[in-house]
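Read through the structure below, which is laid out as structure tokens, and then see the notes.
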Amino acid sequence: MYSSAIKLVLLITLLLNSNLVKSAVPSDQANSQTTNQLSASSLLFQDLKRYIPEQNVQVLKTKANEQFIALHKEETTGIPKGIAFILPDINQSLFKQAVTTALYKDLDNYGWTSLVLTMPSLPELKQAWINESESTQKNEQAESSDQLEQQATTQNTTEESSQQTEPQNNQQTENTGDTTSNVEQATIDPSLYAQLEDLSPTYEAEFSERIQKAIGERLESGFEFTSIYPGFYLMICEGQSCFWLNRLIAEQKVPEPDGLIMIGAYMPQADLNRALADEVAKTEFPVLDIISANHNQWTHAIKKWRKKMARKNFKTNYRQRELTFFFDYRDQQRRMIKEIYGFTNAVGL
């Protein structure tokens, strides 16, 4: 009987202690702890340490105090050539990709110190853009409502005077109504019929500028991190990241590289895809354009136009290489490294 009573007392004390612990930790704090533990960056950091030495996984910070992960690897030849900045496609992961993995692993054997940057998250940028646009719309609506209230008082006085002149104006407009309608039909722009309003662009101008700014901030922190290393600047981009990288270089927001290597560069929008070809053709630094058979269809749709724009702008240091499709993962890596090594030697890097 005494043992059962002791067990009951112990059970009650344990329940009371658990309730006290739960009340001591606020629910918001508990939720924030779980979200921090399960954040994408922390999970990526834990995953990278399984494949890469921890000293090569760097956490860099932008001027806006935004932290991101970068992979760093110094050259091993003793004769440094420079720094190779690697920008993966904005929709791909940092590691375990055929291109980025090969370049990160093997460029140090050719004298390059490599730095692989993670690209900003499109959903996070999109949500921030939507939130800011909604707040600006609310402010504009509040300002417009104030203006309407002020105009309402002035309209009451003008309505009385306008009612007196309306009968005279109506007689004049009836006579000239037919002629004005004919003039309006003649001045309609025919190009308006060709616009498809139901098709919205993939990247609107303001959203594209946000992505470009976020990539530029990460590149700035990357340049600061690698400022101690001598040599050339080699930029290597993949997919859609090449578009924003070329814009940053053209606007002189990042230093001009000594060489640019584009791997499967494209934009999923016709006007931006052609704009990328035009901007690349007007650059002065050497450009290697690598296209594989398994790359995006947007890449293959614009590859001939890139060569034409390079020829039109007399860009003699532009090279386009089409690689055949390899089913072997390692074959893709070896072929990519050989193409880059041959190009850098040919242009003197």
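The values are calculated or read from the model by the stated rules, or taken from the named source; none is laboratory data. On a predicted model such as this, the values are computed, not experimentally measured, just so you know. Glycine also receives a Cβ, built like all others from the backbone with ideal geometry; neighbour counts cover every protein chain displayed.
Taken together, the residues in the stretch 258-292 that are in contact (Cβ under 8 Å) with a residue 40 or more places away in the chain and part of a strand (DSSP E or B) amount to 6. Restricting attention to the stretch 254-286, and to residues there that are of a type in the set (Gly, Ala, Ser) and out of contact with any Leu (no Cβ under 7 Å at 6 or more places or on another chain), which single residue is surrounded by the most Cβ atoms within 10 Å (Cβ to Cβ)? The qualifying residue surrounded by the most Cβ atoms within 10 Å (Cβ to Cβ) is Gly264. Being part of a loop (DSSP other than H, G, I, E, B), surrounded by fewer than 16 Cβ atoms within 10 Å (Cβ to Cβ) and modelled with pLDDT under 95 is a condition met by no residue of the stretch 205-218.
Within the stretch 224-246, can you find the residues that are more than 26 Å from Ile302 (Cβ to Cβ), free of Cβ contacts under 8 Å to residues at least 40 places away in the same chain and among the hydrophobic types (A, V, I, L, M, F, W, C)? Listed by number, the list holds a single entry, Ile228.
What are the pairs with Cβ atoms under 7 angstrom where one residue, in the stretch 53-81, is surrounded by fewer than 10 Cβ atoms within 10 Å (Cβ to Cβ) and the other, located anywhere, is not acidic (Asp, Glu)? Sequence gap at least six, or different chains. As it stands, the answer is Ile79/Gly111, since those pairs meet every condition given. Do we have Asp328 as over 15 Å from Gln240 (Cβ atoms) and at pLDDT 90 or above here? No: the conditions fail for Asp328. When Leu43, Leu48 are screened for being more than 22 Å from Glu220 (Cα to Cα), of a type outside the set (S, T, N, Q), surrounded by 16 or more Cβ atoms within 10 Å (Cβ to Cβ) and at pLDDT below 80, only Leu48 passes. Applying the criterion of being within 19 Å of Gln46 (Cα to Cα) and not basic (Lys, Arg) to the residues of the stretch 82-99, the residue that is surrounded by the fewest Cβ atoms within 10 Å (Cβ to Cβ) is Ser93. Residues that are closer than 18 Å to Ser114 by Cα and crowded, with 22+ Cβ neighbours inside 10 Å within the stretch 220-253 comprise Gly222, Leu234, Met235, Ile236, Cys237, Glu238, Ser241, Cys242, Leu245, listed in sequence order. Among the residues making up the stretch 267-303, those that are hydroxyl-bearing (Ser, Thr, Tyr) and in contact with a Ser or Thr (Cβ under 9 Å, 6 or more places away or on another chain) are Ser292, Thr299. Selection of the stretch 70-114 for residues being in a strand (DSSP E or B), more than 27 Å from Asn294 (Cα to Cα) and in contact with a helix residue (DSSP H, G or I) (Cβ under 6 Å, 6 or more places away or on another chain) yields His72, Lys73. For Trp298, the conditions (1) part of a strand (DSSP E or B); (2) surrounded by 18 or more Cβ atoms within 10 Å (Cβ to Cβ); (3) without any contact (Cβ under 8 Å) to a residue 60 or more places away in the chain are fulfilled apart from (1).
Can you spot a residue in the stretch 287-310 that is of a type in the set (A, V, I, L, M), within 23 Å of the chain's Cα centre (by Cα) and modelled with pLDDT of 95 or more? Yes, that holds for at least one residue.
Ala310 meets all of the listed conditions (1) among the hydrophobic types (A, V, I, L, M, F, W, C); (2) buried (at least 21 other Cβ atoms within 10 Å of the Cβ); (3) more than 19 Å from Val99 (Cβ to Cβ); (4) in contact with an Asp or Glu (Cβ under 6 Å, 6 or more places away or on another chain) but one, namely (4).
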